[in-house]
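The values are calculated or read from the model by the stated rules, or taken from the named source; none is laboratory data. Small disclaimer: the values here were computed from a predicted structure and weren't measured. So basically every Cβ, Gly included, is an ideal-geometry build from the backbone, and we count neighbours across all protein chains shown. Heads up: the accessible areas ignore ligands, DNA and RNA and are worked out on the full protein's heavy atoms, side chains in. Shrake-Rupley method; radii C 1.70, N 1.55, O 1.52, S 1.80 Å.
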Amino acid sequence: MAATPKLLKLLGYRAFCSPFASCAARSVAYWNVSSTQHGGLHPPEHTNLCHSAKKAKNVCGTFSSWNIFTTSSAHQGLEFSKASSSEASTLQLGSPRTTRVVEEDVEVFDSFEDTRVFLQLRPEYRLHSYNASETCQPLSVSEGELILHKVTVYQDHLQAQVIADYLCKLSSLPPEQRSVLLGSARFALLCQLSVKKIELFDTQDLINILKAFVILGIPHSHSMLDVYETKCCHQVWEMSMDQLLLVADLWRYLGHRVPRFFQIFFSYLNLHWKDISLSQLVHLIYVIGENRQVSQDVMQKLESLILKYIDLLNLEEVGTICLGFFKSNTGLSEFVMRKFGDLACADMQHLGSHALVNILKMFRFTHVDHINFMKRFGEIAPQRIPSLGVQGVMHLTLACSALRFLDEGVLNAVAASLPPRVVHCRSKDVAKILWSFGTLNYKPPNAEEFYSSLINEIHRKMPEFSQFPEHLITCLLGLAFSEYFPVEFIDYALSPGFVRLAQERTKFDLLKELYTLDGAVGIECPDYRGNRLSAHLQQEGSELLWNLARKDMNSKPEFLETLSLLDTMLGGPQYIKHHMILPHTRSSDIEVQLDVNLKPLPFNREATPAENVAKLRLKHMAVRLTDDLVNQLLKGKARGHSQDKIESEPGQLPVELKDKAAVPLGGSVCDVADKPGAMEIAGLCPQACMQTPRVKLAIQFTNRNQYSYGSRNLLGLHNMKRRQLVRLGYRVVELSHWEWFPILKRTRLEKLAFLHEKVFTSAL
């Protein structure tokens with residue numbers, strides 16, 4: 001006992017070096033400093049667990065030098081008093097939570113514990129998971145003091161097994177004493193000794209020590225954990241699958257990322273994946289999801305095992321699998337997702353809300369449209385939403401948006417439940433909810449209350465939005481879709497400082513989003529005098545979106561055929577223009593302009609190079625469109641003699657040369673001679689080009705992804721585009737997919753007749 005003060009004094013200035021540890025220079029006495037850097041996770045909740053130390057054996061491995069420094073504040077050792085432990089606990093960031101919310105609160109969601117519910121559903125999970133609820137006989141304060149005294153006196157003679165046993169026993173101290181223990185120089189010495197002896201620990205010793213670290217709340221950023229990760233890496237091939245999963249689970253509890261361990265673990269999996277049991281499979285997918293690091297090859301193997309066990313899975317396990325694949329950014333096949341949807345539909349009343357959210361996340365990620373699942377979801381969701389936290393509500397709403405599933409009952413329930421608890425929303429929740437309602441182009445009955453509460457919350461959370469600029473832009477786009485333009489936020493979001501912030505602080509390229517917002521404001525807010533994007537960024541955004549839209553449309557044969565048919569019907573490429581009238585709306589248009597006589601104008605000078613205008617002659621290729629023929633085409637009453645006169649062959653233009661009364665569809669811009677071939681193109685008719693168009697048509701080539709699922713309700717972006725086209729004086733002509741795609745399967749003449757009616761009826 002007399003030697004202890006002298007030894008502790010030396011500890012304040014002595015550096016312990018070991019050839020078996022990784023390079024670092026942090027004080028073990030600084031347990032209270034817990035940083036979120038170095039890829040660490042938030043420290044989870046811990047409780048006691050009884051451990052037993054096993055025999056040690058030699059393990060080959062080398063570590064570089066590591067220094068542990070203690071401070072003079074730790075010289076007084078472990079003082080087990082209520083006062084000191086209370087004071088220390090206020091500084092302890094890495095310590096386990098000692099209090100828990102008793103009353104039921106729907107906003108209390110433990111993202112760590114609540115995702116581990118599945119571990120309670122099968123006894124097999126106990127073999128390879130850490131159970132924080134297990135307890136053992138606590139260690140008394142006097143016994144703890146005795147252990148620490150032995151460490152200081154016998155430090156040079158302690159065996160590896162004894163060191164492991166001491167660490168395990170000290171983890172059984174009363175919770176209120178643990179923070180004091182972590183500030184003790186004698187405990188720092190014990191940890192240093194464990195690092196010196198680490199090569200002698202066997203697998204069970206390693207597991208027991210990691211459990212002790214979990215209970216004691218060792219900070220996730222402490223460099224000592226890197227040494228233990230290296231030891232785990234060396235031990236992988238000597239562990240069983242149960243032990244590997246348990247070690248991975250313990251690292252998850254510690255909140256310390258171990259990429260090297262998982263890399264070797266996945267190599268092990270590639271050889272032993274066929275032997276994985278059902279419980280091991282589900283737990284492994286959970287661990288992979290929390291780690292967010294995996295190879296696609298491993299996930300493909302695991303998906304084949306899912307198919308093997310799919311009929312034995314319960315709904316909580318289905319939710320866990322979906323969450324694991326979602327977090328690892330890996331999709332499941334459509335077949336597996338449909339099987340999961342069938343399982344959920346069969347017993348959705350007993351499907352937990354968290355499992356429901358996780359399954360919806362995966363449907364959102366894979367874009368699988370399981371109709372029955374979404375219908376059943378629409379039936380139960382309105383009752384569940386009031387008892388679901390706002391984060392869960394956000395995920396439900398976002399899933400509806402991503403799947404284009406417009407269910408008024410679900411959205412009304414969200415809108416009704418949100419205003420009273422909007423203060424619980426993160427910036428991300430506000431952004432995703434506004435985006436979802438805007439995307440689905442839906443305003444709830446309490447729209448004024450709903451939107452005002454969310455806009456006020458944006459005011460409150462501006463510091464948070466500055467940290468996540470992408471969330472503010474998402475908010476403003478969702479509001480713009482719904483015709484809300486809060487000028488104060490728009491002025492801030494388009495300011496040079498925020499634009500620079502958005503480009504520097506986020507991993508996302510927000511140029512397209514900023515350009516869309518800027519363009520919408522320019523049209524719908526004529527009195528706006530605030531910040532706008534610079535001309536350079538506007539040009540860059542326009543070129544980017546046009547290249548994407550052109551590439552997309554040129555890859556669709558049905559669109560190219562439509563463009564060719566319009567070219568034929570109107571008389572040439574100079575009468576139509578495929579471009580983006582509103583580049584910020586991200587989709588292209590086919591523009592047609594008509595004069596006062598509703599005849600097409602050759603306004604597209606880009607269709608023919610200037611040097612070829614004088615040489616190029618366009619032959620008169622007209623279709624004879626008689627009243628009789630139109631009636632046949634539109635009413636379906638075919639007459640044989642008309643078909644004899646006019647033929648429609650693939651790749652050929654229908655031509656009638658005999659009857660001089662034949663009229664080109666839509667008329668001609670220039671005077672046409674009686675004989676074919678006399679009509680010249682737009683470049684030869686300057687007087688026509690100078691005419692001011694009476695009607696400007698914006699023909700929209702639509703597809704089902706621009707509408708809510710199974711409906712004819714346009715989504716927010718596309719509805720906003722049409723609203724803005726009308727503001728600019730265009731008449732919108734819809735080539736809706738439910739009308740036009742079936743027509744594309746008919747004869748060429750029927751297609752031309754349909755387009756003629758669409759274009760010229762819309763102009764009236």
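Things to note:
- The residues listed here are C689, C685; of these, the one that is open to solvent by 10 Å² or more (accessible area, probe 1.4 Å) and either modelled with pLDDT under 90 or closer than 22 Å to D595 by Cα (or both) is C689.
- Here is the figure for the range 402-436: residues that are touching a Leu at 6+ places or on another chain (Cβ under 6 Å) and hydroxyl-bearing (S, T, Y) total 1.
- Residue tally, condition under 21 Å from Y286 (Cα atoms) and surrounded by fewer than 22 Cβ atoms within 10 Å (Cβ to Cβ), over the range 225-245: 8
- Entirely in the range 135-224, the helices (runs of 4 or more DSSP H) that have 3 or more residues that are surrounded by fewer than 18 Cβ atoms within 10 Å (Cβ to Cβ): 141-153
- Qualifying residue in the range 396-413 (condition: open to solvent by 20 Å² or more (accessible area, probe 1.4 Å), over 22 Å from S711 (Cβ atoms) and either free of Cβ contacts under 8 Å to residues at least 12 places away in the same chain or assigned to a helix (DSSP H, G or I) (or both)): no
Each row is one residue, and each column tells you yes or no for (1) out of contact with any His (no Cβ under 9 Å at 6 or more places or on another chain); (2) farther than 25 Å from H256 by Cβ; (3) not β-branched (V, I, T).
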| site | (1), (2), (3) |
| --- | --- |
| H128 | no, no, yes |
| C136 | no, no, yes |
| K150 | yes, yes, yes |
| C168 | no, no, yes |
| S179 | yes, no, yes |
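- Hits in the range 423-440 - residues which are in a helix (DSSP H, G or I) and open to solvent by 10 Å² or more (accessible area, probe 1.4 Å): V423, H424, K428, K432, W435, T439
- Residues satisfying the stated conditions in the range 558-605, i.e. closer than 22 Å to S542 by Cα and touching a Cys at 6+ places or on another chain (Cβ under 8 Å): F603, R605
- Of all residues in the range 541-566, those satisfying the criterion of being among the charged types (D, E, K, R), farther than 20 Å from A753 by Cβ and open to solvent by less than 80 Å² (accessible area, probe 1.4 Å) are D552, K556.
- Leading residue by the ranking (surrounded by the fewest Cβ atoms within 10 Å (Cβ to Cβ)) among those in the range 745-764 that are at pLDDT 90 or above and assigned to a loop (DSSP other than H, G, I, E, B): K745
- If only residues of the range 564-581 that are touching a helix residue (DSSP H, G or I) at 6+ places or on another chain (Cβ under 6 Å) and in a loop (DSSP other than H, G, I, E, B) are counted, the one that is nearest to H718 (Cα to Cα) is M580.
- Scan of the range 724-742 for residues that are hydrophobic (A, V, I, L, M, F, W, C) and in a helix (DSSP H, G or I), ordered by number: L725, V726, W738, W740, F741
- Residue-level analysis places V117 outside the set of residues that are in a loop (DSSP other than H, G, I, E, B) and either modelled with pLDDT under 80 or surrounded by 13 or more Cβ atoms within 10 Å (Cβ to Cβ) (or both).
- Pairs, first modelled with pLDDT of 85 or more in the range 201-218, second assigned to a helix (DSSP H, G or I) and among the aromatic types (F, W, Y), C-beta under 6 Å, six or more apart: V214/Y253
- Residue check for D110: under 30 Å from C425 (Cβ atoms), outside any helix (DSSP H, G or I), at pLDDT 60 or above and of a type outside the set (A, V, I, L, M, F, W, C): no
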